[in-house]
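Beneath this line is the structure, given in structure tokens, with notes to follow.
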Amino acid sequence: MDENQDFSALRNLLALKKLDAPLDARIDQFLIEFHRRQRAQLLVPVSRWSRAVGWLREWISSFELVPAIPYATAFAVIAVIAVIGVSQRVQVTSDDAGQYQLSLDLPSHQSSFAMIPASFGMVTTAASKMDHLIFTPSRSTVPAATRFVLANNSPSAYDASVAF
Amino acid sequence: MTQAWRFRTSGIVWPFLFLFAAVPAFFLLDEFTPARATDEFQPANDEINALFERAKPSVVKVHSGDKFISAGTGFFIDDRGTVLTSSNVIGDNTNARVVVNGVELDAKILGNDPRSGLAMLRVSYDESPSLPLGHSGDLRTGNNVVVVGYPMSFPVAFSEGQICGFDISFIVPPKNDGTGKGSVATVERFATTHIHANASISPGQVGSPLLNEQGEVIGIVATSPDSGQTIYALPVEAMQKIIADFNQYGRARHGWVGVNVVQGPDSNHDGRTVRVVQAVPGTPASKSGIRPGDTVMRIDEREIYRPADVLDASFFSHVGGSMTVVVRRDQDLFSYNFPVIERPSTPAPSVPGAPASSSAPLTSAPMDPDSPGDAEPILVNHIVSDSH
């Protein structure tokens with residue numbers, strides 16, 4: 001007889017495994033425990049936030065959107081809000097010397113951006129050449145740009161020659 | 001037969017052993033505990049904090065201009081609302097405001113002098129808390145100094161440093177003009193010697209008082225050419241001279257006699273390096289006979305070694321007074337007495353090699369070249385010029 005056709009060992013093993021089957025009491029206990037936990041889960045109060053999130057997910061899934069569309073929509077909303085916000089804070093002023101002042105008014109130091117300079121601007125000449133960076137205040141009551149003095153740039157402060 | 005020796009201690013020994021180990025341990029722990037370091041620095045911290053709290057009410061924000069506002073710091077020097085600040089904060093503007101306790105008050109400009117870098121304002125503020133004025137003459141390199149001022153739009157701030165030196169010239173770093181080529185560093189010169197300190201400041205703190213450890217004003221911050229890393233401050237004595245001019249004339253009156261000088265070689269190996277280049281026409285010096293090449297030895301009581309000494313002597317001269325100048329020509333000393341006139345706002349540039357004067361030289365007599373310095377009075381019977 002072919003050795004591969006001898007299933008006696010397997011039959012013996014299955015006969016032994018038949019004795020390993022759980023008792024009926026164990027299966028009944030499992031069902032009791034399962035139903036107990038199921039009832040307990042139903043009795044846990046669901047928060048309004050969880051219900052709102054669940055309702056929102058169901059509502060969005062009802063549209064059956066392509067996955068790329070929500071991301072594109074989110075970026076578009078952020079871009080629109082940023083453009084509107086920045087456009088409300090940009091100030092362009094000019095002086096008699098033909099210099100144009102472009103200032104971006106950011107949140108003041110009274111906000112959470114305490115360590116960030118209140119706002120900043122760039123002075124550009126008519127040739128649009130960057131000369132230096134100057135700081136402007138965040139106070140909306142001060143419409144003009146403010147130069148916080150650090151160095152004495154007045155040419156009249158220094159003598160061309162040593163004389164007495 | 002060997003037997004292990006055992007040290008048997010009686011009960012009375014244990015307390016002594018404990019003390020023997022505990023006392024050194026206590027001192028070691030006390031030496032290395034961080035609390036000890038805090039205790040040592042606490043008096044200094046309290047002192048610095050008290051100095052800052054005393055000075056804070058006297059320090060104010062200064063704004064000038066309408067369209068483009070220039071903002072800096074100032075401080076009260078009396079109880080009548082007089083504020084000192086930097087002339088660079090005022091610039092060419094004709095109006096100024098002072099922010100006191102959050103209230104912006106219109107200020108009257110009592111004086112604005114770009115050459116000294118000082119401006120004086122007055123606001124209607126009775127019993128203004130003023131800072132006491134000290135002395136800068138006894139300051140030495142390494143002394144602690146304090147700056148109290150308003151950085152940008154932030155609240156009043158404190159910075160501390162040490163005196164690096166006393167300089168009349170400073171290096172302006174090259175500026176980036178946007179062309180990519182850059183520029184070269186330049187050397188600028190103050191009108192008089194300034195205090196150089198390594199206290200760092202931010203934009204808006206020019207015009208702040210420079211205080212000593214007693215909280216007295218020893219100078220006013222004039223500029224920071226290295227983006228706030230170090231400062232140059234006009235000394236308090238120079239401030240007082242300009243304040244007196246502001247009070248009396250409404251402007252600063254800088255005196256001079258009209259002599260252009262340069263720094264030359266120390267040919268006599270005595271440290272005297274200031275050479276006369278030109279006597280400016282139309283000035284008292286032009287009529288005196290002082291010549292190009294003369295070595296300036298003394299101006300009034302001040303010994304002259306470097307160009308800075310000349311500028312200091314000139315800065316503290318008073319218009320309408322007189323100035324005695326001793327020069328060396330060859331090996332002879334000549335003394336000249338000049339009337340001090342007001343220095344023009346834009347002095348004539350130095351012309352190397354230009355003749356001193358075409359006027360006939362006055363009679364002169366040589367002085368003793370070995371005459372001592374300021375220990376002995378100058379021989380005055382050989383005054384050669386009095387150009388009144």
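Going by a ≥ b ≥ c, the root eigenvalues of the Cα gyration tensor, does the range A:1-75 fall in the rounded group (a/c under 1.5), the prolate group (a/b larger than b/c) or the oblate group? Oblate, because a/c is 1.5 or more while a/b does not exceed b/c. The magnitude of the dipole of the range B:243-327, with charges of +1 and -1 set on the Cβ of Lys/Arg and Asp/Glu and taken from the Cα centre, is near 300 debye. Less than 5 angstrom separates the built amide H of B:Val100 from those of B:Leu105, all sequence-distant by 5 or more or on a different chain. Dimensions of the range B:56-122 based on its C-alpha atoms, expressed as ranges along the principal axes with the largest first, amount to 27, 26, 18 Å.
Take every residue in peptide B:149-160, count the Cβ atoms of other chains within 10 Å of its Cβ, and give the average of those counts.
That works out to 3 on average.
Alpha carbon centre of the range B:313-339 versus the range B:250-293: separation in Å? With the range B:313-339 and the range B:250-293 each reduced to a Cα centre, they are spaced 9 Å. Counting Cβ atoms of other protein chains within 10 Å of each residue's Cβ and taking the mean over peptide B:61-73 gives 4.
Relative to the compact-globule estimate of 2.2 N^0.38 Å, the Cα radius of gyration of the range B:48-179 comes out at 1.15. Starting from the Cα gyration tensor of the range B:144-242, take the square roots of the eigenvalues, sort them a ≥ b ≥ c, and report rounded, prolate or oblate (rounded when a/c is under 1.5, otherwise prolate if a/b is larger than b/c, else oblate). Oblate, since a/c reaches 1.5 and b/c is not below a/b. Evaluate the distance, in nm, between pseudo-label points positioned 7 Å from the Cα of B:Ser183 and of B:Ala21 along their respective Cα→Cβ axes. Computed distance between label sites B:Ser183 and B:Ala21 equals 7.4 nm. If R0 is 51 Å, the Cβ-Cβ spacing of A:Ile27 and A:Leu65 corresponds to a FRET efficiency of close to 0.70. Taking a spot 7 Å from the Cα of B:Gln240 along the direction of its beta carbon, which residues of the range B:137-173 have an amide N less than 12 Å from it? Residues B:137-138 qualify, since their backbone N sits under 12 Å from the label point. Peptide B:79-90 shows a mean partner chain C-beta count of 2 within 10 Å per residue C-beta. Judged by the mean number of other Cβ atoms found within 10 Å, the most tightly packed of the peptides B:271-279, B:155-163 leads the ranking B:271-279, B:155-163. Sorting B:293-303, A:35-45 by their mean Cβ neighbour count within 10 Å, with the most densely packed peptide first, gives B:293-303, A:35-45.
In this structure, B:Asn101 and B:Arg80 have a Cβ-Cβ separation that, at R0 = 22 Å, corresponds to a calculated FRET efficiency of about 0.80. Take the Cα of B:Trp14, step 7 Å toward its Cβ, do the same at A:Trp49, and the gap between the two points is 5.9 nm.
Each reported figure results from applying straightforward, stated rules to the coordinates on display, with no laboratory input. Keep in mind that what you see is a predicted model, and the values were worked out from it rather than measured. Cβ coordinates were reconstructed from backbone atoms using ideal geometry, including for glycine residues, and neighbour counts include every protein chain displayed.
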